[in-house]
Structures are given as structure tokens and as C-alpha cells.
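The values are calculated or read from the model by the stated rules, or taken from the named source; none is laboratory data. Since the structure is predicted, the reported quantities are computational estimates derived from the model, not experimental observations. Every residue, glycine among them, receives a Cβ derived from its backbone with ideal geometry; neighbour counts consider all protein chains shown. Just the protein is used for accessible areas: all its heavy atoms, side chains included, with ligands, DNA and RNA removed. Shrake-Rupley method; radii C 1.70, N 1.55, O 1.52, S 1.80 Å.
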Amino acid sequence: MPDTPSNQEYFGKHRSSRGQSGFPLMRVVTLMVRAGRLVIDVAFAPIVGKGTGERTLMNKILQRVKLKNALFLFDAGFYSFALLYQLYQLNHHFIMKIGFSVHLVPLPHGRFPDGSYLALIRGKIEDPARSKGERKAYRHVECLVRVIDIQIPGFRPFRLITNLL
């Protein structure tokens, strides 16, 4: 990005133990149509600071996008319960890679012939109706997902979740 005074002021320069970058840096998250590589929406922010992470930027994009019957494919590192819940609220279909540390509650009799299974993911979200000023109130919710455990020979196993049941 150009090293202009306005870019330096808004985006800043990244700092590390070896000094600062030679130019301002920007974090960019895009939503694309995979088949045609068509960019649908873009969100950008400074590289550091509160509210500038990839998940936050993706939340902003999802609030704006008005696609119906689309399937969102999320790269590793995008999982958060807040994002998962937002996808449910907006009625979007998704496939998302998650870590094995994400707590799942498998449902009895929820196994499919391909080895995948149904499970609940429980989490908490902010309840604006009960939050007062600086003090936030939360409520516990759960989402039903299909869990697909994958093992490709020569690679580490990984786990996908989807709401396509």
C-alpha cells in the first residue's frame, strides 16, 4: 500500500522486535464465488488493533451479503461460536474446518452411513436486552451440526462441520 500520510495515520505501520515495517499494512478479508473467482464483498482494517481480526471482518461481510442458497467455505482459523451462530441466524449454509479441541456433544442415533454424525455445539452469545452499560450479559445457545472426520493417508486428521444435514 502507498506510504502516504493518510494511510500511515489510518492503518499505521506494523512493529516487531526488528523495528517497524517500511510502509502501512492493511488486513483484507474477501468473499468470493469460487467457480468464477468473482469478488462479492471486501472488508479491510488496520493490521493491528481491536476489531481488526479476520473473524471480525468476516462478520461485517456476512451482515452485508444478501445471497440465498449459497454455500460458504471457511478456511481453517475462522471458527468461533459467534460466527457459527451468526451463520445460523442468517440462514446461510456453510462448511467449516474446526480443531479437535472444539467441544461437541454427539447425538445418539445421529450417525450417517458415511461415518459422519450429528452433534451439538454449545456456546454463549451476548444478550443486548439484558446487558447494561459496560456490563455484558450472555445467554447459552446451541447449534446442530454434521461432523465429518477426515483422515487422508500421510496427513494429519482434520474435522469439518456443516449445517447441511
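If you check every pair at least six apart or on different chains, which have Cβ atoms under 7 Å apart with a residue in segment 144-165 that is farther than 18 Å from Pro113 by Cα first and a residue that is part of a loop (DSSP other than H, G, I, E, B) and of a type in the set (S, T, N, Q) second?
Pro157/Gln151
Give the residues of segment 41-50 that are at pLDDT below 85, on the phi < 0 side of the Ramachandran plot and out of contact with any Pro (no Cβ under 9 Å at 6 or more places or on another chain), sorted by residue number.
Val48, Lys50
Filter segment 10-39 for residues that are assigned to a strand (DSSP E or B) and over 30 Å from His92 (Cβ atoms); which is most open to solvent (accessible area, probe 1.4 Å)? Before the answer, list the steps.
Start the filter on segment 10-39 by keeping residues that are assigned to a strand (DSSP E or B), which leaves 15-16, 19-20, 26-33, 38-39.
Those still in the list that are over 30 Å from His92 (Cβ atoms) too: 15-16, 19-20.
Numbers: Arg15: 173, Ser16: 63, Gly19: 35, Gln20: 103 Å².
Checking each candidate, the answer is Arg15.
Filter segment 93-109 down to the residues that are in a strand (DSSP E or B), closer than 18 Å to Phe74 by Cα and out of contact with any Ser or Thr (no Cβ under 8 Å at 6 or more places or on another chain) and list them by number.
Of the residues in segment 93-109, the ones in a strand (DSSP E or B) are 93-98, 105-109.
Keeping just the survivors that are closer than 18 Å to Phe74 by Cα gives 93-98.
Listed by number, the residues that qualify are Lys97, Ile98.
For segment 58-72, give me each residue that is open to solvent by 20 Å² or more (accessible area, probe 1.4 Å) and within 10 Å of the chain's Cα centre (by Cα).
Asn59
Test Asn163 against the stated conditions and say whether it is at pLDDT below 85 and either open to solvent by 40 Å² or more (accessible area, probe 1.4 Å) or over 30 Å from Gln8 (Cβ atoms) (or both).
no
Restricting to segment 124-137, name every residue that is under 19 Å from Val105 (Cβ atoms) and of a type outside the set (A, V, I, L, M, F, W, C). It would help to see each step written out before you state the result.
Here is the first cut: in segment 124-137, the residues under 19 Å from Val105 (Cβ atoms) are 124-125.
Answer for segment 124-137, where residues must be under 19 Å from Val105 (Cβ atoms) and of a type outside the set (A, V, I, L, M, F, W, C): just Lys124.
State all residues of segment 110-130 that are open to solvent by 50 Å² or more (accessible area, probe 1.4 Å) and either modelled with pLDDT under 90 or outside any strand (DSSP E or B) (or both); if no residue qualifies, say none. Working first, answer last.
At the first step, the residues of segment 110-130 found to be open to solvent by 50 Å² or more (accessible area, probe 1.4 Å) are 111-114, 122, 124, 126, 128-130.
Correct list: Phe112, Pro113, Asp114, Glu126, Pro128, Ala129, Arg130.
Working carefully through the options Gly53, Gly77, find the one that is surrounded by 15 or more Cβ atoms within 10 Å (Cβ to Cβ) and modelled with pLDDT under 85. Before you say what the answer is, go through the steps one by one.
Working: Gly77 fails: surrounded by 15 or more Cβ atoms within 10 Å (Cβ to Cβ).
Testing whether each residue is surrounded by 15 or more Cβ atoms within 10 Å (Cβ to Cβ) and modelled with pLDDT under 85 leaves just Gly53.
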